[in-house]
1. Sort through ASP306, ASP269 and tell me the only one that's under 30 Å from GLY135 (Cα atoms) and either part of a helix (DSSP H, G or I) or in contact with a strand residue (DSSP E or B) (Cβ under 8 Å, 6 or more places away or on another chain) (or both).
2. Among PRO124, PRO99, which is the only one that is on the phi < 0 side of the Ramachandran plot, not assigned by TED's automatic domain parsing to the domain that holds VAL301 and not in a loop (DSSP other than H, G, I, E, B)?
3. Select, from THR79, THR83, THR73, the only residue that is at pLDDT below 90, among the hydroxyl-bearing types (Ser, Thr, Tyr) and crowded, with 16+ Cβ neighbours inside 10 Å.
4. Looking only at region 242-260, decide whether some residue is crowded, with 18+ Cβ neighbours inside 10 Å and of a type in the set (D, E, K, R).
5. May I ask you to say which residue of GLY190, GLY197 is surrounded by 16 or more Cβ atoms within 10 Å (Cβ to Cβ) and either at positive phi or among the acidic types (Asp, Glu) (or both)?
6. Tell me, which residue of region 99-125 that is over 15 Å from LEU63 (Cβ atoms) and of a type in the set (Val, Ile, Thr) is modelled with the lowest pLDDT?
7. Residue check: is GLU323 in the same structural domain as GLU231 (by TED's automatic domain parsing), of a type in the set (Asp, Glu) and more than 30 Å from the chain's Cα centre (by Cα)?
8. Can you pull out the residues in region 282-303 that are part of a loop (DSSP other than H, G, I, E, B) and under 18 Å from VAL223 (Cβ atoms)?
Amino acid sequence: MNTKKILAAVAVLLILTVAVGVAAFNSWQELKNRSGNPAVAARHAVEAHDLAAFKNLVDLDKLINQAAEEILTAQINSTLPPTAYSMDELQSRYDKLKPDFVNAARAAAEEFISTGKVTFPNAPTDAQKFFKESGVASCEIKSITKPQKDGNIKIVTVLFHNAKMKFNFELELELKPAAENSWRITGARGFENFFSGYRRALRRKLDSLNAPIGRKMDEIFKVKSFIVKNEGGDEYGFSQTLDIALKADVKSDRPLAKIIGNVILTGKDDRESLAPFALDMTDREQGVQIFNVTKTLNPFVRADADAMKHGFRKKDLQIEVTEIIFSDGTNLKLLDRLPD
């Protein structure tokens with residue numbers, strides 16, 4: 001086990017919210033001075049490494065479950081090929097991802113509160129990798145609003161800055177009465193904002209690293225244009241299929257085996273939907289030619305559902321070549337994660 005002072009995603013979003021004092025902001029100072037404020041008491045519990053006291057002030061399990069729901073749903077919608085066409089299938093994906101996410105987040109949060117550090121194994125799980133790579137250890141509180149009443153609860157909005165990945169995001173904390181003159185943090189919304197910000201920042205960083213690789217790939221297989229035709233829905237009127245005629249210029253000094261890539265549909269609020277394709281290049285001629293790829297619009301994926309309901313503009317659709325495989329087994333491939 002390697003001991004590293006890296007906080008898991010949910011742990012840091014929660015712990016920074018309740019455990020970090022930012023003296024520069026009057027709103028935070030005023031919030032700290034309010035009697036019965038659970039954020040202040042929770043901060044003291046963290047400083048004292050008193051996990052039991054912290055859990056009395058913060059519904060840790062509920063917040064972690066809310067984070068899992070928002071982040072994993074966003075991940076399923078934006079990073080996994082939409083090959084599932086039923087709510088049962090999508091739920092199955094979520095159910096498979098959730099235990100690792102929740103267990104890793106809970107273990108990191110409880111270890112940090114109890115000891116002030118987090119240990120991760122040398123071979124981390126997928127959730128632990130995400131927690132490390134998403135820059136959560138660099139998150140800083142920029143501002144905290146005054147509590148706003150909403151019925152019998154209070155809402156506090158916290159603005160964070162992720163210094164590693166260079167983006168801002170907000171969380172809304174829900175405070176409920178726990179006893180006379182005291183409140184408990186029982187919920188949070190906005191974890192999806194963290195994931196969306198991370199995805200955009202990751203793409204910007206990867207675009208820079210991938211630029212020279214992309215130029216080499218363009219010299220071999222350059223997408224010049226494409227025409228999209230909606231072939232309509234399936235026999236049940238459930239999904240719709242886009243037939244894409246892709247015009248590309250092929251110029252390779254070595255025999256090609258496959259061209260691999262994605263059809264990317266970008267919807268409202270930068271929601272993305274991916275459809276992978278693989279073109280068999282065996283015995284293909286050189287020069288400009290037409291290739292046919294398809295993308296199925298899945299009504300259970302938000303970007304696809306938006307397109308099915310409202311239509312989409314051609315600029316919302318992107319053809320991305322991610323890998324060129326040569327007949328001898330060598331390849332050119334875009335990075336899909338930042339180097340260690």
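1. Unique residue meeting the criteria: ASP269.
2. Within the list PRO124, PRO99, the selection yields PRO99.
3. None of the others qualify; the one that does is THR73.
4. No - not one qualifying residue is present in region 242-260.
5. So the residue among GLY190, GLY197 that is surrounded by 16 or more Cβ atoms within 10 Å (Cβ to Cβ) and either at positive phi or among the acidic types (Asp, Glu) (or both) is GLY190.
6. It comes out as VAL118.
7. No; evaluated as a whole, the condition is false for this residue.
8. Within region 282-303, ARG284, GLU285, GLN286 qualify.
The values are calculated or read from the model by the stated rules, or taken from the named source; none is laboratory data. Just so it is clear, the model here is predicted, and its values are computed rather than measured. Cβ atoms come from the backbone with ideal geometry, glycine included; neighbour counts cover every protein chain shown.
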